[in-house]
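A.B. asks: One structure is given below, represented as structure tokens, and several questions about it will come after.
None of the figures in this text is laboratory data; all of them are computed from the coordinates on show. Here the structure is a predicted model, which is why all the values come from computation and not from measurement. For neighbour counting, all protein chains shown are included, and Cβ atoms are generated from backbone atoms with ideal geometry for every residue, glycine included.
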Amino acid sequence: MSHYKLPLLKYFKAKRGEKSTALIILKNDRGMQVAFTNFGARIVSLIIPDKFGNPTDVVLGFNSISEYFEADEIYHGATIGRFANRIKGGAFQLNGKTYHIEPNNGPNALHGGRNGFHNQIWDRRLHNPNGITFYYSSPDDEEGFPGTLNTSVDYLITDDNELKISYRARSDQDTFINLTNHAYFNLNGEGSGEVLDHTMQINANEYVPINEHQIPLGKLLPLAATSFDFRQPKVLAAHIHDQDQQLLYAGGGYDHTYVLHKQTGTQEPTLAAVAYAAHSGIKLEVLTTEPGVQFYTGNALSGKDKGKSGKVYGKQHAFCLETQHFPDTPNQTTFPSALLKAGEIYNSQTIYRFNVIK
Ligand code: BGC
């Protein structure tokens, strides 16, 4: 039925030191197909039938591992760690000691540093036709973080067209951790241009305002009557070009953490955001156990990369909904803590659920 081409396995085979890369494909019975690579434990493609039944790849990415090696700073589909988002000056204190991560984003450390989890080759185990687990043991002091951190990322595809992601980690020293996934979504299909016709709804009343280096100001602001208000579904084009200082600091678009409503006492993922593209009819719901979601409209996609269907990825050709703790939490005492105590288990879950509205 479908002439849709999945990335070819052979173009994902490469060696880096002792480790080798591969492409792994999971499918369900409803036409959902997700391809992963162990380079950065990342999502390479995510195919969903649209309202006409056409297989549609809703994440940006490349057809070969060498393109991922080269376009590294974009973090396409990758697992981000040890600390997603920015740490001011790349420095924080823990138990009376100062730790340094080399800045890789202006004066700040972004997404765990240059050799963060996105840039590591993970081990893997396919445990059934619908699930795969990636493992990585990050040595003590890697990128400057304390403790040996054993991490796993579990991806599961369900018959309800969900991709369930479970993160687990354990450290032998106290450390800070904030893991997320950096998939860039375009619900009309990767390579189909801007996402400004998508509608977005985010289950939050407040967001985290930032300074000119995208570091939190340390307070939360209400969304009501601002360009940031997605409490009801709203088309992205409505306010993205407003001359608002917060949008300008983020490169002329959204790149902010929304403070999610948390039902206290539940460890189950709850609804964080809903995105919808009328053209394809594809709707994405994001559920998470995390206290925040970074809503990013691909403001830094520069047009220099060509993606899977040969089309250029330009500014705002995708959006990310990165479930996580708030930016710079190690230096921000009022934010929910991202401390992982020695020997304790870090647990975080996120679900990407797809539906089609005909
Ligand atoms: C950040 C952006 C950054 C991008 C890099 C996002 O998670 O919020 O500020 O430019 O990652 O791809």
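A.B. asks: Give the share of C-alpha pairs in each 5 angstrom bin for segment 89-143, from 0 to the last occupied bin, in whole percents, shortest bins first.
C.D. replies: Computed distribution, short to long bins: 4, 16, 19, 18, 14, 11, 8, 6, 3, 0.
A.B. asks: Quickly rank 104-114, 250-260 as a protection proxy: mean count of other C-beta atoms within 10 Å, highest first.
C.D. replies: 250-260, 104-114
A.B. asks: Equivalent ellipsoid semi-axes for segment 60-127, as square roots of 5 times the alpha carbon gyration tensor eigenvalues: give them largest first, rounded to whole Å.
C.D. replies: In descending order, the three semi-axes are 26, 15, 8 Å.
A.B. asks: Shape call for segment 54-196 from the C-alpha gyration tensor, a ≥ b ≥ c root eigenvalues: rounded (a/c under 1.5), prolate (a/b greater than b/c) or oblate?
C.D. replies: Numbers: a/c = 2.29, a/b = 1.46, b/c = 1.56.
Note, shape of segment 54-196 comes out oblate.
A.B. asks: Sticking with this structure for a sec: Give me the dipole magnitude in Debye, nearest 20, for the chain about the Cα centre, with unit charges on the beta carbon: positive for Lys and Arg, negative for Asp and Glu.
C.D. replies: 740
A.B. asks: Reported to two decimal places, what Rg/Rh ratio describes segment 1-111 when computed on Cα atoms with Rh from the Kirkwood expression?
C.D. replies: Numbers: Rg = 18.0 Å, Rh = 16.3 Å.
That ratio is 1.11, to two decimals.
A.B. asks: Given the rule -39500 (n - 2.57) for each run of at least 4 DSSP H residues, summed and divided by the residues of the chain, what is its mean residue ellipticity at 222 nm, to the nearest 500 deg cm²/dmol?
C.D. replies: On the way: 2 runs with 11 residues, N = 358.
Estimated from H runs of four or more residues: -500 deg cm²/dmol.
A.B. asks: Further, regarding this structure: Explain nothing, just the number: dipole magnitude of segment 220-355 about its Cα centre with +1 on each Lys and Arg Cβ and -1 on each Asp and Glu Cβ, in debye rounded to the nearest 20.
C.D. replies: 500
A.B. asks: Taking K and R as +1 and D and E as -1, what net charge do the other residues with C-beta under 13 Å from the C-beta of ILE240 add up to?
C.D. replies: Value of the local net charge: -4.
A.B. asks: Here's something else I'd like to know. How far apart, in nm, are two points set 7 Å out from the Cα along the Cα-to-Cβ line at ARG16 and at ASP141?
C.D. replies: 2.2
A.B. asks: Give the calculated FRET efficiency between ASP174 and ASP123 to the nearest 0.05, with a Förster radius of 30 Å applied to their Cβ-Cβ distance. Write out the running numbers ahead of the final one.
C.D. replies: Numbers: r = 25 Å, r/R0 = 0.84.
Efficiency, rounded to the nearest 0.05: 0.75.
A.B. asks: Sticking with this one: Pull up the cross-link candidates among the aspartates and glutamates for LYS5, meaning alpha carbon to alpha carbon under 17 Å and not fewer than 8 places away within one chain.
C.D. replies: Partners found: ASP50, ASP57, GLU190.
A.B. asks: Next up: In the neighborhood of TYR135, defined by Cβ-to-Cβ distances under 13 Å, what is the net charge if each Lys or Arg adds +1 and each Asp or Glu adds -1?
C.D. replies: +3
A.B. asks: Output the pairs from LYS97/LYS262; LYS10/LYS306; LYS27/LYS304; LYS164/LYS219 with a Cα-Cα distance over 28 Å in this structure; if there are none, say none.
C.D. replies: Flagged as over cut-off: LYS97/LYS262; LYS27/LYS304; LYS164/LYS219.
A.B. asks: So, R0 is 22 Å and r is the distance between the beta-carbons of ALA300 and LYS234; what FRET efficiency does that work out to, to 0.05?
C.D. replies: On the way: r = 23 Å, r/R0 = 1.03.
E(calc), rounded to 0.05, equals 0.45.
A.B. asks: Shifting gears a bit: Give the value in nm², to one decimal: projected area of the alpha carbon convex hull of the chain, averaged over all directions.
C.D. replies: Mean projected area for the chain: 16.9 nm², to one decimal.
A.B. asks: Also, I was wondering about something else. Work out how much length ASN95 to LYS341 would gain on full extension: take 0.36 nm times their residue separation and subtract the Cα-Cα distance, in nm to one decimal.
C.D. replies: So the extension gain works out to 87.5 nm.
A.B. asks: Test of the criteria: in segment 18-72, which GluC sites (Glu not before Pro) are in a DSSP loop and have at most 12 other Cβ atoms within 10 angstrom of their Cβ? Mind showing how you got there, number by number?
C.D. replies: On the way: sites: GLU18, GLU67, GLU70; in loops: GLU18.
Passing sites in segment 18-72 are GLU18.
A.B. asks: Can you pull the semi-axes for segment 1-50, root of five times each eigenvalue of the Cα gyration tensor, sorted largest first, whole Å?
C.D. replies: The three semi-axes for segment 1-50 are 25, 11, 7 Å.
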